[in-house]
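Heads up: the structure comes next, in structure tokens.
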Amino acid sequence: MNALVPQSVLLSSAMPKALRDGEFAVYYQPKVDSGTGSIAGMEALARWVHPVMGMVPPDRFIPAAEESGFIVELGEWVLRAACAQNRAWRDAGLPRLTVAVNCSIKQLTRGDFPDLLARILKETGLPPDGLELEITESVLFEDPLSIVPELTRLRDLGIRLAIDDFGTGYSSLAYLGHLPVHVLKIDKIFVKNIVHGANFPILRAIVDLAKKLGLTIVLEGVETAEHAAAVAPLGADQLQGFYYGRPVSAENSSRVLARGLSLTEKADANNTLRSKTHSRKNI
């Protein structure tokens, strides 16, 4: 690549053709029910396999897509693929679950976004409750009250709404009760530090408030057995992280769903794999 051109510009210019050429794929990471151990949902994540650079890290191409505006086209493609995949899983008799898709502010504030979602659901045959939109806390709480009408339109379609990466801005606690959302995904930094005794009181307060508001609580970043043991007393509804499963292709996700691994079995399998590949880093 041209060293004189910023990498973000190079990535942005390459993405439209990459999407047309099939270089993008959707990977899925499980969210598990903390009570039953079953897979309760999947998060759909865009992955880019470049023919020269190989796997391009999301933290490189997503910001570039946001900056260029390509995130709207890429986001629509991910939504369509994720809805079609969930419909295929249901048609195959696999467990009924919700697939979560990240939603950017540029998508959310488009006036025709609810209509687009309604079309995608109709075309793929997925019931609205099979889709969940994840919106990051930073987006929601820049001007929380002004975004309520957009969220309400999406909720009225029957789509589940989640606040992602929650907890990095404590002032946002005051607005939780005013937002028409169903799910609270607590930022992984809290889980990362909880094993050292840090953040537990804050995390406890967030979980208690979310329960009082009737929200489904998801803890992100559960990556070790130590993490899992430390968060167990909190009573979160769902858990997500490398301890239970890394993002994998739709094909591999289908195999996991078909096997019906419980939380414990999945974690044990991951621990065995991790012990064999201790030094291998997954993107």
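If you filter region 177-199 down to residues that are of a type outside the set (A, V, I, L, M) and under 17 Å from residue 232 (Cβ atoms), you find that the one that is surrounded by the most Cβ atoms within 10 Å (Cβ to Cβ) is 190.
Where residues in region 54-70 are closer than 14 Å to residue 25 by Cα and surrounded by 14 or more Cβ atoms within 10 Å (Cβ to Cβ), which of them is farthest from the chain's Cα centre (by Cα)?
56
Within region 69-128, the set of residues being in contact (Cβ under 8 Å) with a residue 12 or more places away in the chain, part of a loop (DSSP other than H, G, I, E, B) and either hydroxyl-bearing (Ser, Thr, Tyr) or within 27 Å of residue 32 (Cα to Cα) (or both) comprises 92, 94, 95, 96, 97, 103, 104, 109, 125, 126, 127.
Residue 214 fulfils the conditions (1) modelled with pLDDT under 95; (2) in a loop (DSSP other than H, G, I, E, B); (3) exposed (fewer than 15 other Cβ atoms within 10 Å of the Cβ) except for a single criterion, (1).
Taking region 142-167 only, how many residues are within 17 Å of the chain's Cα centre (by Cα) and more than 18 Å from residue 212 (Cα to Cα)?
Final tally of qualifying residues: 4.
Restricting 46, 92, 84, 40 to residues that are of a type in the set (A, V, I, L, M, F, W, C) and closer than 15 Å to residue 16 by Cβ narrows the list to 46. When 190, 166 are checked against the criterion of being in contact with a strand residue (DSSP E or B) (Cβ under 6 Å, 6 or more places away or on another chain) and either among the acidic types (Asp, Glu) or in contact (Cβ under 8 Å) with a residue 12 or more places away in the chain (or both), 166 stands alone in meeting it. Restricting region 217-226 to residues that are under 22 Å from residue 43 (Cβ atoms) and among the acidic types (Asp, Glu) leaves a set whose member that is surrounded by the fewest Cβ atoms within 10 Å (Cβ to Cβ) is 223.
The one condition from (1) of a type outside the set (A, V, I, L, M); (2) under 22 Å from residue 160 (Cβ atoms); (3) outside any loop (DSSP other than H, G, I, E, B) that residue 8 does not meet is (2). Of the residues making up region 36-53, those that are among the β-branched types (Val, Ile, Thr) and surrounded by fewer than 16 Cβ atoms within 10 Å (Cβ to Cβ) are 36, 49, 52.
Within the group 5, 9, which residue is more than 30 Å from residue 243 (Cα to Cα), at pLDDT below 95 and surrounded by fewer than 13 Cβ atoms within 10 Å (Cβ to Cβ)? The unique qualifying residue is 5. Please work out if residue 77 is exposed (fewer than 15 other Cβ atoms within 10 Å of the Cβ), within 19 Å of residue 247 (Cα to Cα), out of contact with any His (no Cβ under 8 Å at 6 or more places or on another chain) and among the hydrophobic types (A, V, I, L, M, F, W, C). Yes.
The values are calculated or read from the model by the stated rules, or taken from the named source; none is laboratory data. Everything numeric here is computed off the predicted structure, so don't read it as measured data. Positions of Cβ are generated from backbone atoms using ideal geometry, with glycine treated the same way; all protein chains shown enter the neighbour counts.
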